[in-house]
Amino acid sequence: MSSFQHPNYDVLVKVLPEGLSKEQILNFHPFSSWLTTLHNSLALQTKDHDNPFHTDPYHLRSITVQAYDMFGSRLGFLKLTAGISNGANETLPGAVFLRGPSVAMLVMLIPDDARHDTDERYVLLTVQPRIAAGSLAFVELPAGMVDDAGTFAGAAAKEMQEELGLEIPASELKCLSDLANDTPDPEIGSSEEESEGRKTQDGNLPRGVYPSPGGCDEFIPIFMHERRVPRVQLSEWTGRLTGLREQGERITLKLVRMRDLWREGARDAKCLAALALWEGLRKEGKV
């Protein structure tokens, strides 16, 4: 085991596995991003007198790196525990799986002969092996991880090309997660105080869906794209084989009616979140 003091925060980092250097950990973007976000959230305890932990705030005492996975020559996943306690020696659960953000895409196709006020929409889903879920045919929205140097919109456009065969400029994508966060609650209003209150509560978390915040840092901004296509072309999408074979992707496309999306994608948190965001924003006239 090795250890080092973090250069920016007063916390000791213990490294249990062999072969993992201090530099690799500090340069791993999900680690630095998670630690910064956590530090900002912990700081809110003392700044906000209404914070439930204000009188006895929690502090990050230590970080223990337990395991890691490499993607070729770069660090891919990191498993750690964070030692967090307050003055009364009460602790918070601190098991963390770091993998970084992903993006998901809600792609809707409308037959070109449908009326412009139509509700006839079709959604493209992917069917592929997801070993972590124990499935070889998991149905979900197209999605993919974000590289350290990439942008969310750029990553979404790239995944759409790789998984769906659609070349769409990033500028033509709408981020439902951003639109939802920019939409005020009509019961509350859009005052500066209300906006600041939301920032205080969430610690300025990134905009996206957190599928498993109890143990994983992953958050997923959800993008949408809608286009009209020839009706005869719709049948060509279902069953198409896509994905990058050299990266182990074995993807089959599935086309479903928008009205059936809640049922077809019921196991996929990304899919249900995208549907809820789209329906809510549509009622608000934002999409």
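The values are calculated or read from the model by the stated rules, or taken from the named source; none is laboratory data. Remember, predicted model here, so these are calculated numbers, not experimental data. All Cβ positions, glycine included, derive from the backbone under ideal geometry; neighbour counts span all protein chains shown. These area figures cover heavy atoms from the full protein model, side chains too; ligands, DNA and RNA do not enter into them. Shrake-Rupley method; radii C 1.70, N 1.55, O 1.52, S 1.80 Å.
Working only within the stretch 85-118, note down all residues that are within 17 Å of F31 (Cα to Cα) and part of a strand (DSSP E or B).
Of the residues in the stretch 85-118, the ones within 17 Å of F31 (Cα to Cα) are 94-102.
The answer is A95, V96, F97, L98, S102.
Condition (residue is modelled with pLDDT under 65, in a loop (DSSP other than H, G, I, E, B) and open to solvent by 80 Å² or more (accessible area, probe 1.4 Å)) applied to the stretch 190-199: is it met by at least one residue? Break it down into steps so the answer makes sense when it comes.
So in the stretch 190-199, the residues modelled with pLDDT under 65 come out as 190-199.
Pick out the ones that are also in a loop (DSSP other than H, G, I, E, B) and you get 190-191.
Then keep just the ones that are open to solvent by 80 Å² or more (accessible area, probe 1.4 Å); that gives 190.
Within the stretch 190-199, one or more residues are modelled with pLDDT under 65, in a loop (DSSP other than H, G, I, E, B) and open to solvent by 80 Å² or more (accessible area, probe 1.4 Å).
If we scan the stretch 200-222, do we find a residue that is more than 30 Å from A132 (Cα to Cα), outside any loop (DSSP other than H, G, I, E, B) and at pLDDT below 85?
yes
Take the conditions in contact with a Ser or Thr (Cβ under 7 Å, 6 or more places away or on another chain), in contact (Cβ under 8 Å) with a residue 24 or more places away in the chain and of a type in the set (A, V, I, L, M) and apply them to V15. Does it pass? Give the steps one after another, and end with the answer.
Working: in contact with a Ser or Thr (Cβ under 7 Å, 6 or more places away or on another chain): yes; in contact (Cβ under 8 Å) with a residue 24 or more places away in the chain: yes; of a type in the set (A, V, I, L, M): yes.
Here the answer is yes, as V15 does meet what is asked.
Hey, can you tell me all the residues within the stretch 47-69 that are open to solvent by 70 Å² or more (accessible area, probe 1.4 Å) and either in contact with a Pro (Cβ under 6 Å, 6 or more places away or on another chain) or of a type in the set (A, V, I, L, M, F, W, C) (or both)? Explain how you work it out, then say what you get.
As a first pass, look at the stretch 47-69 and keep what is open to solvent by 70 Å² or more (accessible area, probe 1.4 Å): 47, 49-50, 52-53, 55, 59, 61, 66, 69.
If the condition is that a residue be open to solvent by 70 Å² or more (accessible area, probe 1.4 Å) and either in contact with a Pro (Cβ under 6 Å, 6 or more places away or on another chain) or of a type in the set (A, V, I, L, M, F, W, C) (or both), then F53 is the only one that fits.
Across the stretch 119-136, what is the number of residues that are of a type outside the set (D, E, K, R), part of a loop (DSSP other than H, G, I, E, B) and open to solvent by less than 40 Å² (accessible area, probe 1.4 Å)? Can you show your working first?
Of the residues in the stretch 119-136, the ones of a type outside the set (D, E, K, R) are 122-129, 131-136.
Imposing the further condition that a residue be part of a loop (DSSP other than H, G, I, E, B) reduces the set to 134.
Next, from what is left, pick out any that are open to solvent by less than 40 Å² (accessible area, probe 1.4 Å): none.
Going through the stretch 119-136 one residue at a time, the tally reaches 0.
Conditions first: (1) surrounded by 14 or more Cβ atoms within 10 Å (Cβ to Cβ); (2) more than 22 Å from G214 (Cβ to Cβ). P17 passes all but one, so which condition is the exception?
It is condition (1) that P17 fails.
Would you say D112 is touching a strand residue (DSSP E or B) at 6+ places or on another chain (Cβ under 6 Å), among the acidic types (D, E), at pLDDT 95 or above and surrounded by fewer than 16 Cβ atoms within 10 Å (Cβ to Cβ)?
Details: touching a strand residue (DSSP E or B) at 6+ places or on another chain (Cβ under 6 Å): yes; among the acidic types (D, E): yes; at pLDDT 95 or above: no; surrounded by fewer than 16 Cβ atoms within 10 Å (Cβ to Cβ): yes.
For D112, the condition - touching a strand residue (DSSP E or B) at 6+ places or on another chain (Cβ under 6 Å), among the acidic types (D, E), at pLDDT 95 or above and surrounded by fewer than 16 Cβ atoms within 10 Å (Cβ to Cβ) - is not met.
Within 17 Å of the chain's Cα centre (by Cα) and either open to solvent by less than 50 Å² (accessible area, probe 1.4 Å) or modelled with pLDDT under 90 (or both), is that true of A82? Step through it out loud before you land on a result.
On the way: within 17 Å of the chain's Cα centre (by Cα): no; either open to solvent by less than 50 Å² (accessible area, probe 1.4 Å) or modelled with pLDDT under 90 (or both): yes.
No.
Restricting the stretch 228-248 to residues that are crowded, with 16+ Cβ neighbours inside 10 Å and within 16 Å of A137 (Cα to Cα), which is modelled with the lowest pLDDT?
Applying the filter and picking the extreme gives G243.
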